[in-house]
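The values are calculated or read from the model by the stated rules, or taken from the named source; none is laboratory data. Computed from a predicted structure; not experimentally measured. Quick reminder, even Gly has a Cβ in these numbers, built from the backbone with ideal geometry, and neighbours come from all protein chains shown. Side chains included, ligands, DNA and RNA excluded: accessible areas come from the protein's heavy atoms. Shrake-Rupley method; radii C 1.70, N 1.55, O 1.52, S 1.80 Å.
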Amino acid sequence: QQDVVTYACEELCGVPYHLTAGFIGPKAPEPDSAYFGLQCSYLVWYAWNHFGYDLDSDGGRLVTSADLLNSDLLEVVQVYGMNPFIYP
């Protein structure tokens, strides 16, 4: 886990925000690609995917918070502000 955090802090901090990250161009482009940008759920997915863990539960082009919520590789340990169990 610390490797993922270190990678995200060192390599993904300061990357431009793109609402459609992963949707246009390759799903996991290289950071120097013109297609590279991040949105909140995609940031989490991209950092873990770099280490071989695909947290995208539906395997689609766009990674959403629902994809992370429904991932078999993650579990809910605390809920604040919204009930994740009302989402499909």
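Details
- Search result, residues across the stretch 32-62 that are among the hydroxyl-bearing types (Ser, Thr, Tyr), surrounded by 18 or more Cβ atoms within 10 Å (Cβ to Cβ) and at pLDDT below 90: none
- Among the criteria (1) open to solvent by 70 Å² or more (accessible area, probe 1.4 Å); (2) at pLDDT 90 or above, the one Ser71 does not fulfil is (1).
- Single condition Ile24 does not satisfy, out of (1) open to solvent by 90 Å² or more (accessible area, probe 1.4 Å); (2) on the phi > 0 side of the Ramachandran plot: (2)
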